[in-house]
Amino acid sequence: MKNQPNQKQKTDANHVKQQNAASAMGQQNQAYGTEFGNETDAQHVKQQNAQSEARKAQASNNNNQQQQ
């Protein structure tokens with residue numbers, strides 16, 4: 001059976017709406033970025049940031065002492 005050019009395929013709007021609603025329900029429980037957020041150790045990041053800031057402060061103090 002060949003598709004005849006004059007025949008139009010009909011879309012069941014209610015079926016499409018149901019599929020869209022089901023898809024939206026499935027995505028509702030997933031926040032954007034959570035897959036990466038679960039892999040990040042926030043405490044470790046905070047510790048690294050604190051160490052970095054301490055090194056910056058120490059370098060800044062060393063530069064100020066050398067200039068005097």
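Quick note: the coordinates plus some simple rules give every number you see, no bench work behind them. None of the values given here were measured: they were computed from a predicted structure. FYI the Cβ positions are ideal-geometry reconstructions off the backbone, even for glycines, and counts take in every protein chain you see.
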If we sort 52-61, 9-18 on the protection proxy, mean other Cβ atoms within 10 Å, highest first, what's the order?
52-61, 9-18
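Rounded to the nearest 0.05, what FRET efficiency do ALA22 and GLN48 have when you use their Cβ-Cβ distance and R0 = 30 Å?
Efficiency for this residue pair is about 0.10.
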Once label points are set 7 Å from the Cα along Cα→Cβ at both THR11 and ASN63, what is their separation, rounded to one decimal in nm?
6.0
